[in-house]
Every structure is written in C-alpha cells, then in structure tokens.
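Have a look at the structure below before the remarks.
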Amino acid sequence: MKRFGLTLFAAAIALPVISDAQIFTLSKEQMIEYTAQNPFDRFADGRPKVPDGLIERAKGLSAEEVWAILPNKGFRSQYADGFQILHPNKRMVGRAFTVQFMPLRPDLDSVVQAKAKAGGFDRMNNQTAIDMLQPGDVLVVDLFGQGEGGTIVGDNLFYYIMKATKGGGLVVDGAIRDLDGISSMDMPAYFRKTHPSAIANVFISGINIPVRIGNATVMPGDLVFGDSEGVYFIPPALVQSVVDNSDEIHIHDEWTRMKFDEGKYKSSEIYGSPKDPALKQEYAAYLKKRLEEIRKTYK
C-alpha cells in the first residue's frame, strides 16, 4: 500500500497544477476510475458522496452488523482496531477524506513545497489538508503509527476540524497532542498515541488517495463508521446493503428478546432462528410490519 501511495504521489507531481490547486491527489478522472462502483453523487473532485440520509441511518450500526455484509462481498480488509478512542460511547459516521504522510526526505519535500507554492499555497502541511474539509467528512490520516512528530493536530486544529466537518471525526494512524484540551470537545477521534511534540519530520505524500490504516485499505469517500471496538471503512457501493441489513438485524433482536420475555421458550427454540413453523410465520409477519414502519421514517 505504501508503494501504491508513493506511485500515485509521483504521478501527481508530474501532472500540471489543476484548477482548484489541489495537488498531490487523484485527478477527477482517476478518482472516478478508482471508485467506479460508487452508486451515489460525487463532490466536484470526483470523491463519492454517500447521501446524508444514509449517514444518519448508519449512526445506528454496530461493527458486527457491518461485518455481516463486507467479508461476504470479498471486502475483508476494511476494519482497523487497537486505537485509543476519545469518546467510546459516541458513534463516528462520515465520508473519508484521506491524507498520507511519509517520513521526511528533503529532496522529495522540496518538490512538494515548490508545487505547493505554484498552486497558491504557502506550504504543503497538515493545515493544507485540514482546510479542505467539508461538512460530513472524517479526516483519515496515515501517519505510519508515528508518536513524536506524528501529531496531526492539537486542541486548536481539532476544534477547527470539529467545526468544519460539523462533528464528523478524526482517524489517525499516528498521534494527537493536547489531549486534556481535546477531551472535552464533542467530536469522535481514534488515534494510536499522544505526544506533546508538534508535527515534524514528516511530509504529505498524498491527499485523497488510497491509504492504509492498520490492516485496512481506505478510499476517499468511503463511509467511515467507528464505535467502541474500532473503525470500519465501508465502500460506497455497499452502504445501502449494510444499513438495510441492519434494520432486519435490529428487528430480529427486538422480536427475539420479546419472545424471551414471555418466559415460555428455551433459547434454542428462538435464537438464531425459530424452529417451530408457527413461530417462523409469526416472525416473518412481524419483520414485514416493522420494516414498513421503520422505513416510512426515512427521508
């Protein structure tokens, strides 16, 4: 994945500066090519735009409900865990805005900075990417697990991200700083480490390109879902299936516990599927009724 990122970086610096000066990224045509299965609208740069209504529905997901769909579709590398989690009881849901850093190499960084100046930036750094964020984004950063010098934000930039994304979130395979100042802010965040240093000895090698977070491959526009266990990166083409299936799982859980409350059945008679034909019929009718009720509420 690192080699792929560097290849894209090399290709990007060979391209002319595009009109909105977003350099070191996929062109709109490349973005569409690499995310060809996206069924939804796109941002101006080609990044997939999962609808707000599906983002809202995804707030009721669990990691297990995502797992029920993705591996069966061949996507077994979309989950990352082992993070420190800022707010374990708060779900994180939003569209991935990806950034890749590498350890500083001056000869490459000099080209990066020259291209940045040609594109109208003072410098290419963490704030360059942060200033591109939009409402509903989750900033997903590959900082190769770095602690010292791998601090993508402190409390002030964290606050800016919270406002710019309207509470979207942050995932960094690296570090943050100013944890005491950040901890009271109402935005989800997943990070490997904390460190008092400012970001240093790294350079940006890609913005909105494929990145690796742990063992997961993340594409710009993926639906990012985080809970108290870890983070899922859901391809846009599978978002509808995941949230629709979760409705059925919630109803199944509801009906199962309702039957357990009656105190008449052993667990094996009800869970995971009722054995008695009459109970099967009862569940099918209950599922149909509840799905109709639930889906009437969606916008």
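The values are calculated or read from the model by the stated rules, or taken from the named source; none is laboratory data. Note that the structure is a prediction, hence the values are computed from the model and not measured. Don't worry about glycine lacking a Cβ; one is built from the backbone with ideal geometry, like all the others, and counts go over all protein chains shown.
Can you say whether ASP142 is of a type in the set (D, E, K, R) and buried (at least 21 other Cβ atoms within 10 Å of the Cβ), as far as the supplied structure shows? Judged against the criteria, ASP142 is a match. A count restricted to region 150-176 and to residues that are more than 18 Å from the chain's Cα centre (by Cα) and crowded, with 24+ Cβ neighbours inside 10 Å stands at 2. Restricting to region 246-277, name every residue that is among the β-branched types (Val, Ile, Thr) and in contact (Cβ under 8 Å) with a residue 40 or more places away in the chain. Passing the criteria: ILE249, ILE251. Annotation note: of SER183, SER228, the sole residue that is more than 25 Å from PHE24 (Cβ to Cβ) and out of contact with any strand residue (DSSP E or B) (no Cβ under 9 Å at 6 or more places or on another chain) is SER183.
Among the residues of region 84-107, those identified as among the charged types (D, E, K, R), surrounded by fewer than 17 Cβ atoms within 10 Å (Cβ to Cβ) and in a loop (DSSP other than H, G, I, E, B) are ARG91, ARG105. Out of MET124, MET92, one residue alone is at pLDDT below 95 and touching a strand residue (DSSP E or B) at 6+ places or on another chain (Cβ under 8 Å). It is MET124.
Would you mind stating whether ASP137 is surrounded by fewer than 15 Cβ atoms within 10 Å (Cβ to Cβ), in the same structural domain as GLU64 (by TED's automatic domain parsing) and acidic (Asp, Glu)? The answer is no for ASP137.
Within region 63-83, the set of residues being under 15 Å from VAL243 (Cα atoms), assigned to a loop (DSSP other than H, G, I, E, B) and within 14 Å of the chain's Cα centre (by Cα) is empty.
Taking first residues from region 278-299 that are of a type in the set (Val, Ile, Thr) and partners that are surrounded by 11 or more Cβ atoms within 10 Å (Cβ to Cβ), the Cβ contacts under 7 Å between residues at least 6 apart in sequence or on separate chains come to ILE294/ASP247.
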